[in-house]
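The values are calculated or read from the model by the stated rules, or taken from the named source; none is laboratory data. On a predicted model such as this, the values are computed, not experimentally measured, just so you know. Glycine gets a Cβ as well: all are built from the backbone with ideal geometry, and neighbour counts include every protein chain shown.
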Amino acid sequence: MRAVQGVFGFALILLSACATSLKPEARAPSPEGWRAENVEIVGYSDLGGREGALKLAIKRVGEGEEERWYLYVGHLWRSGWSIVEVTDPAAPRYVRFVEGPPNTTTKQVTLHGDLLITGLSPQGGSDDGEGEDGSSGEAGVYLWDVSDPENPQRLSHWSAGPGLGTHRNSYPGGDYAYISTRVPGYRNLVLVILDVSDPRNPRQVGLWAQPGQRLDEPLAQNPRWLGFHGPLTVSADGRTGVAGYAPQVVTLDLSDPSRPRQLGGLTVTPPFVTGGGSSSMHTAYPLWDRNLILVANERHAENCDEEAMSLLGFVDASDSTAPRLISMFPTPQPPAGEAYGDFCDKNGRFGPHNISMETHSPDVQPIEDLLYVTYFNAGLRVFDIRDPRRVSEVGYFIPPTPTERVGPRPRELEASSEDVLVDARGYAYVSDKQWGVWIVRYNGPLADERDQLTIDD
């Protein structure tokens, strides 16, 4: 494997809140101090000075010389969304910042075709299954027309009620979006199926919740272990869905969207992470052609000794009514020469967070032999998943420790890689709590000829 150390300096380009940038950002803009193996740093965007990013979505428009690529970014520490043109990933162009409503968290985005859906949660409230929602700020989702990718037009606003925020939603195209939201009469986040066939008039058509989430149902377990983090991933025919829905990996029959029913489930929480509310069962991503489900928990504590370990592994779903855990991924290790001997000794959270889950879009690279996973303070990790029982790590990218704080977490200043999206060209976009968006490319084992290109090609 080839190890490299970041050495480039960069200049921050300050842009006005809603104006189009007249110049691309510098071609080699990455702040120095990053560490990587088998991953090449291609570009970086400081999001017009609005660092602190989470969810990502991408859209390709045009063909040939007219082809353009646009990245949509949900923010953590401010209300609104950034649009970045990444046609040339080495020189991203910051297009504009779309203001969000006041006192509102806007970190979630999902996109298919010309319909963008952005999540809304009252600031100071809860969209992750913990605590109570805030009393001010918008809730639910906005639906946008992005047929003009640089100038989104808001079509509608859907909410289950004032103060009832949403978390990680999914829209695979077609008539239905799948929303992780609070609703009256239920504990924590539940799954709502939203008919968006008329995006100017979205309407709820279905709901599914774990037993015990309805307030009039008896509780068989700790209520903090119940909740739908999202997203729901739907099969190509739209009849089956798979979700991380604490405390289980859940498979649902969606053949009648008004009456989803459970086909099978595997309880993961406990023994794995129980302290993160609905996030304790964070990811359940099916590899439909292999009868596998990738599963992951999300740690919330910034100290590994404060909660149980997180899981990143594979579930065999050959029998959808009786899934079974068959493997766990290796634990990432720090690069040689670091002052800390284990990522648990480094500031911030350590454990799996997000994978490139927007693969319902033709503009996103499908998950095949390689899996990209953000690991908070351990950066981006790349795994060889050809043999689900013998997964190996083949590359990583760790952003440098920031020198200036832009948001309140982690408590001790440190980089925290949040989300990753890999476009159909093979470029991976990595968001961070304290940085903007990094653009990288894997060039190690299993990289095809296209992925071996460098920023000079």
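Restricting 328, 281 to those that are closer than 18 Å to residue 391 by Cβ and aliphatic (A, V, I, L, M) reduces the list to 328.
From the list 358, 393, 404, 368, the one residue that fits, being acidic (Asp, Glu) and closer than 19 Å to residue 439 by Cβ, is 358.
On the stretch given as region 425-442, residues that are assigned to a loop (DSSP other than H, G, I, E, B) and buried (at least 22 other Cβ atoms within 10 Å of the Cβ) total 4.
For region 329-373, a tally of residues being free of Cβ contacts under 8 Å to residues at least 12 places away in the same chain and among the β-branched types (Val, Ile, Thr) returns 2.
Being modelled with pLDDT under 95, on the phi > 0 side of the Ramachandran plot, more than 19 Å from the chain's Cα centre (by Cα) and among the small types (Gly, Ala, Ser) is the requirement here; does residue 137 meet it? For residue 137, the condition - modelled with pLDDT under 95, on the phi > 0 side of the Ramachandran plot, more than 19 Å from the chain's Cα centre (by Cα) and among the small types (Gly, Ala, Ser) - is met. If the Cβ limit is 9 Å and pairs must be 6+ apart or interchain, which residue in region 133-150 that is closer than 14 Å to residue 98 by Cα and part of a loop (DSSP other than H, G, I, E, B) pairs with which residue that is among the polar types (S, T, N, Q) and modelled with pLDDT of 95 or more? What qualifies is 146/153.
Residues checked against (1) within 22 Å of the chain's Cα centre (by Cα); (2) free of Cβ contacts under 8 Å to residues at least 12 places away in the same chain:
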residue: 198; (1), (2): no, yes
residue: 207; (1), (2): no, no
residue: 217; (1), (2): no, yes
residue: 222; (1), (2): no, no
residue: 228; (1), (2): yes, no
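Taken over region 387-408, residues that are in contact (Cβ under 8 Å) with a residue 60 or more places away in the chain and among the basic types (Lys, Arg) amount to 2.
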